[in-house]
Amino acid sequence: MASDVLRATIRDLFRFSLSFRFGSIILMFVGILLLLSFFSPFESDDRRVVPRNKPPSQEFILGTTGNGQDGFWLLTFAIRNTLMVSGLAVLIGRSIAVMLGMITGYLGGKTDRVISSIVDSIIVIPRLPLLILIAAILQGEMTVLSLALLLGILDWAHPSKRYRAMILSLREREFTHTAIFSGMNAVKVVVQEHLPFLIPLLLADAVAGFLWAIGMEVTLSVLGLSDLSAPSIGTLIFWGNYHHALLRGRVWILAAPIAASVLMVVGFYLVSLSLSEYLDPRTRLSRLTMEE
Amino acid sequence: MTLLKEFILPRFVQWLIVIFVGVTITFIIPRLSPVNPVNEALARVQMYQNIDPEAVQVMRATLLDLYGLEGSVLEQYVNFWKRVLKGDLGPSLASFPLSVNQLIGVSIGWTIGLLGTSILIAWTLGVILGSLAGYYPNRWWSEGLEKSLITVYPVPYYILAFVLLMAFTFYLPIFPLIGGARGTAAFTWEYISSVLHHGFLPALSIVIGATAHRFIMSKALTTTEKSSDYVQYAQMAALPERKILLFYVARNTLLPQVTDLSLSLGALFGGALIAEFVFGYPGIGTTMYTAINNGDYNAIMGITLLSIVGIATASLLIDLMYPLIDPRVRYR
Amino acid sequence: MFSLPSFVGVAQLPVDVPREEVFVVDVIITAPVPHNHNFWITGPHPLVTHAIMMETLWIRDQETGERVMGAAISDPMYNDDFTQMSVELRDNIYWSDGVQFTADDLIFTVETLKATPGLNARGWHANLNKSMASVEKTGDFSVTFHLTEPTPRFHSLLEARWGAIYMMPKHVFENIDDLPAYTYTDGPYLGAYLPVEEDPSGVWQLFVRRDDWERSPAGIITGNPGPKYILEINYGGPDRKVIAMSRGELDVYYDSDFESFQSTLETAPAARSWYAGFPWGYMGEVSTRELIFNFGSETQPWFHEKDVRWALALALDIQAVVTDYMGGTAKLTNMPVPTTPALTAIYHDPMEEWFQNLEIEIEEGVMYKPYDATIPDQIAAWAESEGYEVPGDTRAVFGSGWWAHAPDVADRLLMKHGFSRDDGGNWLTPDGNPWELEVLSDTTSVQQFHFGNAAADMWKDFGIDTSLAAHERTLYTSTNETGQFDISGDWFSFTLVDGDAWPVFNIFHPDLVVPVGEDTRTTGGHATRLTDPKIGEFIDAMVSIGPDDPSSFELTTEMLKYWVENMYSIPIVAFNKFVTWDERYWTGFPTFENPSSMPLYWFMGGKLTFQNLKPVDS
């Protein structure tokens, strides 16, 4: 039953939304690359296994790096790690944000005031310097996992404010009152009536979080503050710079991770765009009218 | 009176709390850093020179005293606030004997100039292009614009900046490699034009990303407004399109965007760390990065304090002004 | 896709001076206090500045090892028991305001430093209080120091390697109340160049040659005017230096690596380094790069076993380290003394026979000779196969022999102490856990990072679960000094350029060792945390022997043998700073063919390097 709805939704989306079509194809491509990493003939931290700095050829379709790694297989690991870092970060950050947004939005009163004050105080602290500082404090303990955790716990303040505002406005809407007067319990109201409005926001927000997390991953890696032996979009760029890829005219070494990061985020962006359009009650209405 | 008591005062108290908590957190964190400013200073001194171990001890004591790092963390914290309330951010630990005030004074102008200009340009461009594209979603130019900006938007900022740097200082060396201007500051065309020349690439890198972001937001807002009832009525009433766009749609979409603008202007004091790092620009972000690397607590604190006050004040002002701008919101 | 630029951009220097009159120098750090020239206080002063505007009594040339006269004209002259030191001063040098430099200035300088706790840069205030009883004027240009105890190295306070006690202008400073707070912005200075303009944030500083440059030590020594202007800039990392040079906006830089240097060769046609061709770089700075063990580590207690340390050394394929990771641009050394010409003559050559006969015991009664004298020849053979020409004797170019790549011997050494290999061939520690090793490296020191990578890769190949922790300089340093590492890439030399060990070796004294977690810089000790009392005995014995005494070299040789036998550190290479200059505008920089002075321009002797320059036209 549920799977039927899902299938129908996806079919609809594919048919009516150009951005969904493009986005999902891109994401599929990225997903395939990610899966390929599990079949790589090399370990992720293998070095000196192929000749260094060879341009793309039939043997090495994305060339080889200055550390003697195969560019293609390395990229598959990088996509996996970067998606893991940013995905986990988004998950952690949004979970905290949704929780706080709901608590403050629904409970209101003193709880709201206290938590909101704390959130406001944290929002004003500039995040990048804080991140660099903490990364420096963690030193060698920086792994893919701890980076994800760190990014996650630094990215919830802004979204939680947005969710709170959304919930506040929903709470005041007429249908909330109607539902409560007609004896619906609060949890049901939230899940059935409010979530559909929250999800588009959440989706758009998750993509923004994704962008931020990838950007930070790259920034920290370029500054040498992440786990440099774990391939990721950021560390690939770090090693490319370290071996002066652009200076030496070895464009392929940097082009691959850059292209991959753009593809990933554009894919997610397009899919989220189409999903929020699809889920937005107002546009859904106009679509239905069109179909008739 | 009630306005002051019920509306302004709570917000002012909130403003104080935000600054207090924010500053306290940033007071603690740098002190967990493994980089210790006293040891850094000792290392600089020991470079290329053997120093008698006893002399090292004496120097260490002198440095602790000079840097105000004697006593418990709590005492340091109390002293810190005493100083700050007098407007003194203390001595810089990595650039001793310079004070943090001087350190910030040298670099803040560059950041305000670079970042302020870029933010304003990007905001204006983004709002105009975004509203147009949102209002005329099916024109070739709006689709082309959207597609290209959506592709640029997700490129991590560092990558964008680095590619610009390599392209226009190395492959095609038409922009300067480092610094904010030529020669010593003077009110001459020569100096001013050199400021523009030096600032162009970093500004461009910031404008590209920020414009794309603003464009996407603005377009989304316009699309929503456009489907609202009053616009539909206006269209049915055959009001001129330009009039609808300017007087109905733009007015309503502008409000949340002005909020964003003032918040980003408030965040200005935090600097553009990566932009300044990549382009060797002498702003406050570079100062911050140096401070972090050298464990210069005082400089880290000083810049963070400035940045926190900037953002908190910006949002306080927005809060206070909102009812003036938007009649739907009441002072309550 | 991209082609490298074939044209040269118009130079865009930050200052308005004719390009052909200015020599542009990269200084790797930004000075946030550019207009503060008070070099007697602790402050982040720029690297080069002190050399061109300040004077010390003597300068030690790092290439020749010879003492160069600065403000002094005689060597330090001690009495028999080293309780007095006398010196004769130049009678023909002047401050930039025209006042003559005399014995009064020197006496004022040391007495003021001794009396003022705030003037304690490099520990001068403390050191003078400890060793100088009084100072006596014996003539207008001669001075005698009376010392508190026999101090055969008292003059090292006044002799600059990088810096030393700088002379103060008495006629100006005696009128200043608070010297530690004085910025000394307007001079007068004793050096040949004066600061004229600077970037407020310290990225660049412009200096102009004094009109009366002939009345400064560098002017007198070289007899050459040198460039009219010197511009110091911090361009940033290797990439930016290469770009700056390709644009004609930089005349000399250092701290680069062979890959970015290649780009300089391609984009700046007149650029070169020490050698005109392969292996290009200058490898004569008196320091070595090595891997050190953390003897305070609780997770690697086996570092205290000599055999484990030897096993790690023998698992390295040094030929591949030099060729594959450094492009052959390195000069080997098998002990913590660099293979510069002078030090090779003092230590490496006399010890060569001992190295060749050195044996380690693999198993009871089974001896092994680890030294392979042919490694430089192997590297030379590789270079020739790459089409390079080796400029001279292989040992002079590529340094000493090194330890053979002998993983089988390393295996046996480890097994002897209870290490074993699991089914996958990975090493297990004596307690049966996988052997995890972390190599700490500094990303800012490009050469160190190269061999840090190499060591991590090779030990991984050898079956140790090795990871690389790479940090930017300050973070690396604090991690290193607080002992948060297993193995770390470090740099030091056990002797100065003249072969004297005590002044630099004393930091290894067991008394200075601090526990892991505390910073060694608080005592001035060393990060390796070696507590061998025998090392302390060596150091104590060195204190009282004069630096020129032959027994000093004998003692140092004994100490080096003891160190090498125990493999207390794994020295890899002598420094290669890749000092690179562009001969587009200026010529006369020291080279292999013309080693007039040291190319290490950021040291005190750099003033001579600059003063010797001539415009390309003439």
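The values are calculated or read from the model by the stated rules, or taken from the named source; none is laboratory data. Every value quoted in this text rests on a predicted model; they were computed, and no experiment measured them. Don't worry about glycine lacking a Cβ; one is built from the backbone with ideal geometry, like all the others, and counts go over all protein chains shown. When the accessible area is computed, the model is the full protein with side chains, heavy atoms only, and any ligands, DNA or RNA have been set aside. Shrake-Rupley method; radii C 1.70, N 1.55, O 1.52, S 1.80 Å.
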What whole-number distance in Å separates the alpha-carbon centres of segment A:148-171 and segment C:249-305? 48
What does the structure give for C:236-244 when I average, per residue, the other chain Cβ atoms found within 10 Å of the residue Cβ? 6
Largest first, what is the accessible-area ranking of C:Phe278, A:Phe38 with a 1.4 Å probe? A:Phe38, C:Phe278
Can you give the relative contact order of chain C as a percent, counting alpha carbon pairs under 8 Å and 6+ residues apart? 20
Once amide H atoms are built 1.01 Å from N in the peptide plane, which residues 5 or more positions from C:Ala469, or in another chain, come under 5 Å H to H? C:Val439, C:Leu440, C:Ser441
Give me the accessible area buried between chains A and C, both sides summed, with a 1.4 Å probe, in Å² rounded to the nearest 100. 2200
Cβ neighbours within 10 Å from other chains - mean over C:519-528: 5
Quick check on my link table: of C:Lys416/C:Lys561; C:Lys228/C:Lys607; C:Lys241/C:Lys614; B:Lys147/B:Lys219, which ones sit more than 19 Å apart, alpha carbon to alpha carbon? C:Lys416/C:Lys561; C:Lys241/C:Lys614
When the charge dipole of segment B:106-285 is computed with +1 on Lys and Arg Cβ and -1 on Asp and Glu Cβ about the Cα centre, the Cα farthest towards its positive end, among B:Ile244, B:Gly209, B:Ala185, belongs to B:Ile244
Chains B and A: accessible area buried, summed over both chains, 1.4 Å probe, nearest 100 Å², reads 3300
I'd like the Karplus ³J(HN,Hα) series for segment C:16-30: coefficients 6.51, -1.76, 1.60, θ = phi - 60°, whole numbers in Hz, and an x wherever there's a Gly or Pro. 9, 10, x, 4, 7, 9, 10, 9, 9, 10, 8, 10, 6, 10, 9
Peptide ranges C:244-253, A:179-188, C:462-471, B:21-30 listed from the most packed, as the mean C-beta count within 10 angstrom indicates: C:244-253, C:462-471, B:21-30, A:179-188
Considering only the protein assembly as shown, percent of DSSP beta bridges that pair antiparallel, nearest 5: 75
HN-Hα couplings for segment B:190-207 via Karplus (6.51, -1.76, 1.60; θ = phi - 60°), in whole Hz with x for Gly/Pro, come out as 4, 5, 4, 5, 5, 4, 5, 4, 6, x, 4, 4, x, 4, 4, 4, 6, 4
Modelled FRET efficiency - R0 41 Å, C:His146 with B:Leu64, Cβ distances, 0.05 increments: 0.80
How large is the charge dipole for the protein assembly as shown, taken about the Cα centre, if only the Cβ atoms of Lys, Arg (+1) and Asp, Glu (-1) carry charge, to the nearest 20 debye? 7040
Cα atoms only: what Rg and Dmax, in Å, come out for segment C:283-577? 18.4, 57
Rounded to a whole number, what % of the accessible area of chain B do carbon and sulfur atoms account for, probe 1.4 Å? 69
Interface burial for B against C (accessible surface, 1.4 Å probe, total of both chains, Å², rounded to 100): 5000
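Quick one: pull the percent of accessible area on segment C:283-577 belonging to carbon and sulfur, 1.4 Å probe, ligands and nucleic acids left out.
49
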DSSP beta bridges in segment C:283-577, what fraction antiparallel, as a percent rounded to 5? 70
Can you give me the C-alpha center-to-center distance between segment A:90-129 and segment C:55-110, rounded to a whole angstrom? 67
Listed by chain and number, the residues whose amide H is under 5 Å from that of C:Glu63, excluding neighbours fewer than 5 places away on the same chain and using placed H, are C:Met598
Accessible area per residue, 1.4 Å probe, Å², for chain C: what's the number? 32
Using a 10 Å cut-off around each Cβ of peptide C:157-167, what is the average number of partner chain Cβ atoms that fall inside? 1
Looking at chain C, what % of its DSSP beta bridges pair antiparallel, to the nearest 5? 75
Ranked output for segments B:263-269, C:26-32 by mean other Cβ atoms within 10 Å, highest leading, reads C:26-32, B:263-269
On a 0 to 90 degree scale, rounded to 10, what angle separates helix C:375-385 from the longest Cα axis of chain C? 80
Per DSSP helix of 4 or more residues, -39500 (n - 2.57); summed, then divided by the residues of chain A. What does that give at 222 nm, rounded to the nearest 500? -23500 deg cm²/dmol
Which ³J(HN,Hα) values, rounded to whole Hz and listed in residue order, are derived for segment C:402-419 from phi using the Karplus coefficients 6.51, -1.76 and 1.60 in 6.51 cos²θ - 1.76 cosθ + 1.60 with θ = phi - 60°, glycine and proline given as x? 9, 7, 5, 7, 9, x, 5, 5, 4, 3, 5, 5, 6, 4, 4, 9, x, 6
Only protein chains counted, 1.4 angstrom probe. Which residues of segment B:146-160 are at least 20 Å² less accessible in the assembly than when their chain is isolated? B:Ile150, B:Thr151, B:Tyr153, B:Pro154, B:Val155, B:Pro156, B:Tyr158, B:Ile159
Determine the sum of side-chain charges near C:Met598: Lys and Arg each +1, Asp and Glu each -1, restricted to other residues whose C-beta is under 9 angstrom from that of C:Met598. -3
Packing-ranked peptide list from C:375-385, A:52-62, highest mean Cβ count within 10 angstrom first, is C:375-385, A:52-62
Let's see if you can work this out: charge +1 on each Lys and Arg Cβ, -1 on each Asp and Glu Cβ, no other charges. What is the dipole magnitude of segment B:106-285 about its Cα centre, in debye to the nearest 20? 220
Under 5 Å, built H, 5+ apart or other chain: amide partners of C:Ala271: C:Glu583
Could you work out how far helix B:140-152 tilts from the main Cα principal axis of chain B, as a 0 to 90 degree angle to the nearest 10? 20
Throw me the Rg/Rh for the protein assembly as shown, computed over C-alpha atoms with Kirkwood Rh, two decimals. 0.99
With axes computed from alpha carbons, what is the tilt in degrees of helix A:195-222 against the longest principal axis of chain A, rounded to the nearest 10 within 0 to 90? 20
Using the Cα centre as the reference, give the magnitude of the dipole from point charges on the C-beta atoms of segment A:47-171 (Lys, Arg: +1; Asp, Glu: -1; all else neutral), rounded to the nearest 20 debye. 200
